[in-house]
Amino acid sequence: MNTNFATRIRVALSDPSLRANFRGAMDFLQAKRRTAFSNEDEWTALQRQGKAIRQQTLHQLPELLEQLEHNCLQNGINVHWAEDAEEARQIFLTIAQEENAKKVVKGKSMATEEIGLNAFLEEHEIECIESDMGEYIVQLAEETPSHIIMPAIHKNQAQIAELFQDKLHEECDANNVDQLIGIGRKVLRQKFKHADIGVSGVNFAIADSGTLCLVENEGNGRLSTTAPKAHIALMGIEKVIPNLSCLPTLQSLLTRSATGQHITTYLNLITSPRKQDEHDGPLKVHLILLDNGRSRIAQDEALHTTLACIRCGACMNHCPVYTRIGGHAYGSTYPGPIGQILTPQLNGMDEAGELLDACSLNGACGEACPVGIELPELMRELRQRKHHSKHTTYTEHIIWRVWKRIHRHPKLYYAATRTLSRLGLSRTIFPKAWRQTRHTPMPAKQSLHQQLKARKQRP
Amino acid sequence: MDAIKLLELAGYEVVFPQAQTCCGQPAYNSGFKDLSLDVIRHTINTFSQHSLPLIVPSASCAGMIKHHYQHALKKESALPNDDTDAKNAAELAERTFELIDFLLDKLPYHRLKKRPSMRVCLHQSCSAQREMKVAASWEKILIRMPHIDVLKPQYADECCGFGGTFAVKSPDVSAVMTEDKCRAILNTQAEYIVSGDCGCLMNLSGHLEHRIEHQEEPIKPMHLASFIAQQFELSDEH
């Protein structure tokens, strides 16, 4: 990103159609989720269960990953470990070369966004087509997802119709969603037919059976993982869960939090490649376990709960900042509150420290999180790290030093508030950023301390 | 001052330690926990001279003392195994209350005089809703006053855009959030906008005054305590 976050925020805020698209979509998603969790007691109990499962998983992460690897191998799934994005990309390339692949279809996966898979494969002259409708739209528009669940949520029907007309040369009726989707599907059907490799993400990987779970609504995940002769699944190492009995809780929390659905349209459980007596399914299944900074986070006592995330998007749907600026402004693979927490940990403070500023700590994200991640707490912790790693300005240091001195010494505080009151000097302590859109408060003629001192002395 | 008058109306004698300053939240939330710790310890000491209930007239400050002090002081002791700090914080948290929630069942509502009806818009701050869980009490206390018509803005549970240093560090998005909130408040056509959180109130009143030229009948921002004190006709001393 060659612009800073503040600039990108300004650009986003000045786009009325983007703001309307997001506000409308987030209102809709919030309402859907509210209906799905209308029973407060059930929600609380389910959230508690979800949190417990994810916390337990993180405590046993190394063991569970070994167990997952062992069981996948037993099932005939090839397992690869990728330390970072580059290694993951190379594994993809090696497999593609082995398969002599020229065409790849991909189901929705944020991990593949994280490693920049599409651009990489393209560089190696391998076509990689997104098969999720939202992702396909984003790919056609040469953009990146603006939401982790609804990648094209920043676009409205008219914009999509225009895009299809422009890129697919089809007559589109902007008011007919079914027709628009139909046009996209027609293209994608052909892609499924001719793809050499299907790529997917993983929502949950069950350690004790070596099963990959894929939650989706369009059936494109199922097609991507069954039609081509090879399937490559990429997962962040934190997506492992101990056993099948954890799945109902987590998948119910996931779909209800994400889209307000009680159950997903397709739940794919992939446990092996095609067996000898079977007529379909991929001949080979590969699982790539992506670390890319995650094992470091897992060992960080104060921040490891970041990895409990099941990528439902509820935190961004409920974030008043995301609702206004949308996903692209963050400039990171993962936008919204979880992105603001995760990105500085994955990419470092130099690159992503600025994301930490755009949070009012209102707590709506933490309240909506289905696995009880205390996002505001993590935000505070990361702001401390930012300060300690010298990513805050010198001016800010001075301001807080003065602040501390005044508030640590009651006499100084008394004198300071008395002076401000007497002189009506509130403007001096409110920076320009505040004054541009707000009046500064007028202090009372006497500070409260003065008033109460006087009151006490009265007979 | 109105908070003190209300507590006295409810029959309490109020002790105001002159040594009190700030709860430490601004620096703590901005990543300068190291500097806030001195202020936090100072606040704990100041209010540990008595073991009286600590009444805080702003939900976010109350939330800081009740919920964040213990977390902030965990593992901050110079000595290993010394948890005095954390224990003191826990003890203070135990007796910390948000003002309006504390007063709800203690005010002499029967003494309220008959008055013409009033449209009042309530801003239920994020701290009141999510940390202190007292937003319901704010609404209830207004409902107990028969002449008041309690209104809520659209997106009532959404942040007003203040967020302490957020308003300065991310001024553009903060300003948009504040504008949206103020528009929703004005749409209720209330005469007053009240809240029990000083930060939100400063933000909202600052912006409402800024756009005052666009309003025919300006809405009056007021702290809930001052508003309630006004209903009980408590004299204005200052």
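Annotations for the structure displayed:
- Protection proxy ranking of B:171-178, A:152-159 - average other beta-carbon atoms within 10 Å, highest first: B:171-178, A:152-159
- Summary value for segment A:200-324: 30 percent relative contact order, contacts being C-alpha pairs under 8 angstrom separated by 6+ residues.
- With contacts taken as Cα pairs under 8 Å and at least 6 residues apart, chain A reaches a relative contact order of 19 percent.
- Two-site FRET efficiency, residue A:55 against residue A:453, from Cβ-Cβ distance with R₀ of 45 Å, rounded to 0.05: 0.35
- Here each label is just a point 7 Å from Cα along the line to Cβ, and for residue A:194 and residue B:104 those points are 6.6 nm apart.
- For segment A:176-225, a/c is not less than 1.5, where a ≥ b ≥ c are the root eigenvalues of the C-alpha gyration tensor, and a/b does not top b/c. That puts it in the oblate class.
- On the basis of the beta-carbon distance and an R0 of 41 Å, residue A:173 and residue A:436 show a calculated FRET efficiency of 0.40.
- Taking a ≥ b ≥ c as the square roots of the eigenvalues of the Cα gyration tensor, an a/c ratio of 1.5 or more together with a/b larger than b/c marks segment B:2-102 as prolate.
- With the simple model of a label 7 Å out from the Cα in the direction of the Cβ, residue B:18 to residue B:84 spans 2.7 nm.
- 10 Å Cβ neighbours from other chains, averaged over peptide A:379-392: 3
- Qualifying trypsin sites (Lys or Arg not before Pro) in segment A:365-459, DSSP loop, other Cβ atoms within 10 Å at most 13: A:390, A:445
- Cα-based shape type of chain B, given that a ≥ b ≥ c are square roots of the gyration tensor eigenvalues and the cut on a/c is 1.5: oblate
- Assigned charges on the beta-carbon of Lys, Arg, Asp, Glu; the protein assembly as shown dipole about Cα centre (debye): 3020 debye
- Taking 21 Å as the straight-line reach from the Cα of residue B:74, the lysines in range (excluding those fewer than 8 positions away in the same chain) are A:386, A:404, B:33, B:66, B:87.
- Positive minus negative residues near residue A:346 (Lys, Arg vs Asp, Glu; Cβ under 11 Å): -2
- Which of A:420, A:452, A:439, positive extreme of dipole for segment A:394-457 (C-beta unit charges): A:452
- Computed over segment A:125-194, relative contact order equals 23 percent, with contacts defined as Cα pairs under 8 Å that lie 6+ residues apart.
- Computed from point charges on the beta carbon alone (+1 for Lys and Arg, -1 for Asp and Glu), the dipole magnitude for segment B:86-233 about its Cα centre is near 540 Debye.
- Partners of residue A:193 within straight-line reach, counting lysines whose Cα lies under 30 Å from its Cα and excluding those fewer than 8 residues away in the same chain: A:102, A:103, A:106, A:108, A:155, A:167, A:229, A:239, A:275, A:284.
- Remark: accessible surface ordering of B:179, A:40 (largest first) is A:40, B:179, probe radius 1.4 Å.
- Surface share of carbon and sulfur [accessible, 1.4 angstrom probe, percent] for the protein assembly as shown: 51 percent
- Distance (nanometres) between label positions extended 7 Å along Cα→Cβ at residue A:162 and residue A:48: 5.1 nm
- Qualifying lysines (Cα of each under 19 Å from Cα of residue B:106; at least 8 residues distant if same chain): B:5, B:133, B:140
- Antiparallel bridges, percent of DSSP beta bridges restricted to the protein assembly as shown (to nearest 5): 15 percent
- Packing-based ranking of A:13-20, A:197-204 yields A:197-204, A:13-20, ordered from highest to lowest mean Cβ neighbour count within 10 Å.
- Hz values of 3J(HN,Hα) by residue in segment B:219-232 - Karplus curve (6.51, -1.76, 1.60), Gly and Pro given as x: 7, 9, x, 8, 5, 3, 4, 5, 5, 5, 4, 5, 5, 8
- Taking amide H atoms as placed 1.01 Å from N in the peptide plane, the amide H of residue A:233 lies under 5 Å from those of A:200, A:286, A:287, A:288, each 5 or more residues away in sequence or on another chain.
- Net charge of the neighbourhood of residue A:294, taken over other residues with C-beta under 12 Å away and scored Lys/Arg +1, Asp/Glu -1, is -4.
- For residue B:201, net neighbour charge (Lys/Arg +1, Asp/Glu -1) across residues whose Cβ lies under 15 Å away: -1
- Spatial separation of Cα centroids for segment B:31-104 and segment A:310-386, in angstrom: 27 Å
- Segment residue A:278..residue A:409, full-extension length gain: 39.3 nm, with 0.36 nm per residue of separation and the alpha-carbon distance subtracted.
The values are calculated or read from the model by the stated rules, or taken from the named source; none is laboratory data. Everything numeric in this text was worked out from a predicted model, so none of it was measured. Ideal geometry is used to build each Cβ from the backbone, glycine not excepted, and the neighbour counts take in all protein chains shown. Just the protein is used for accessible areas: all its heavy atoms, side chains included, with ligands, DNA and RNA removed. Shrake-Rupley method; radii C 1.70, N 1.55, O 1.52, S 1.80 Å.
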